[in-house]
Amino acid sequence: MVGRGGHRGRPGRGGGPGRRGGGRVPTDLPGTDDLGAWLAGRLPDGWFVGTPTVTTDREEILVVGELTAPTLDADADEAARAAAARGRIERFREETRGERMEVARQAEHRYGRKVAWGARIGDVEELFTTLSVPVMTRLRQPERLVLDTLVDAGVARSRSDALAWAVALVGEHAGSWLEDLRGAMSAVDELRTRGPVLDDDGDAGGVDDRPDPGDGGGGDPIPPQG
């Protein structure tokens, strides 16, 4: 399915939408509102069990589908089941390569993004060739020291690996918060698209404060003069 940057890359500071240095990057990419329906009609029958999971961002569409589990003896252990699942996924990858490339070509033309694939059987999931997109940022010394600590401790091989590890950790432990944030942004986008809607009588409020006919402005009628 994307982080939103703050001012100068410092977490917790800087602007959100509407402030200098913050907010989402505007794009002219085609929308993906109908992507799920398009894939449902375009993908060959029998590829996946049920509807595949589709995740998009500005660069990539990732399609991951559930495959039918291979049949094993009832006494097969977990290691054997996992090996059979990986074998089935590898067979699917090889047998569908040509068709997947054609679907990806059409989707890229329609939606302006690369397409990557994956498959799962139970808890076993494998992603095929996916994009690795460089993301540039500026970090001050406290943030750089965090990355260097991860490198020195052997958690990551480089600052780039450390940054990717940190992002993955946030995604793992703040998943529900990120989903709420994406939902809130979708609601804002919908309201922005709709624009303000006036009532039927043209009044944006609900209170009619117009003066009564014959009223000079708001008090009792003024008697005729002279």
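Things to note:
- Qualifying residue in region 95-111 (condition: in contact with a helix residue (DSSP H, G or I) (Cβ under 8 Å, 6 or more places away or on another chain), of a type in the set (D, E, K, R) and more than 19 Å from Gly46 (Cβ to Cβ)): yes
- Region 42-59, residues that are among the aliphatic types (A, V, I, L, M) and open to solvent by 70 Å² or more (accessible area, probe 1.4 Å): Val49
- Residue list for region 114-157, filter: among the small types (Gly, Ala, Ser), more than 29 Å from Ala69 (Cβ to Cβ) and under 28 Å from the mean Cα position of the chain (by Cα): Ser132, Ala156
- Scope region 103-135; condition open to solvent by 70 Å² or more (accessible area, probe 1.4 Å) and not aliphatic (A, V, I, L, M); matching residues: Arg105, Glu108, His109, Arg110, Lys114, Asp123, Glu125, Thr129, Ser132, Pro134
- Of the criteria (1) closer than 21 Å to Arg42 by Cβ; (2) in a helix (DSSP H, G or I), which one Val115 fails: (2)
The values are calculated or read from the model by the stated rules, or taken from the named source; none is laboratory data. Note that this is a predicted model, so its numbers are computed, not measured. Positions of Cβ are backbone-derived with ideal geometry, glycine not excepted, and every protein chain shown enters the neighbour counts. Remember, those area values only see protein heavy atoms, side chains included, never the ligands or the DNA or RNA. Shrake-Rupley method; radii C 1.70, N 1.55, O 1.52, S 1.80 Å.
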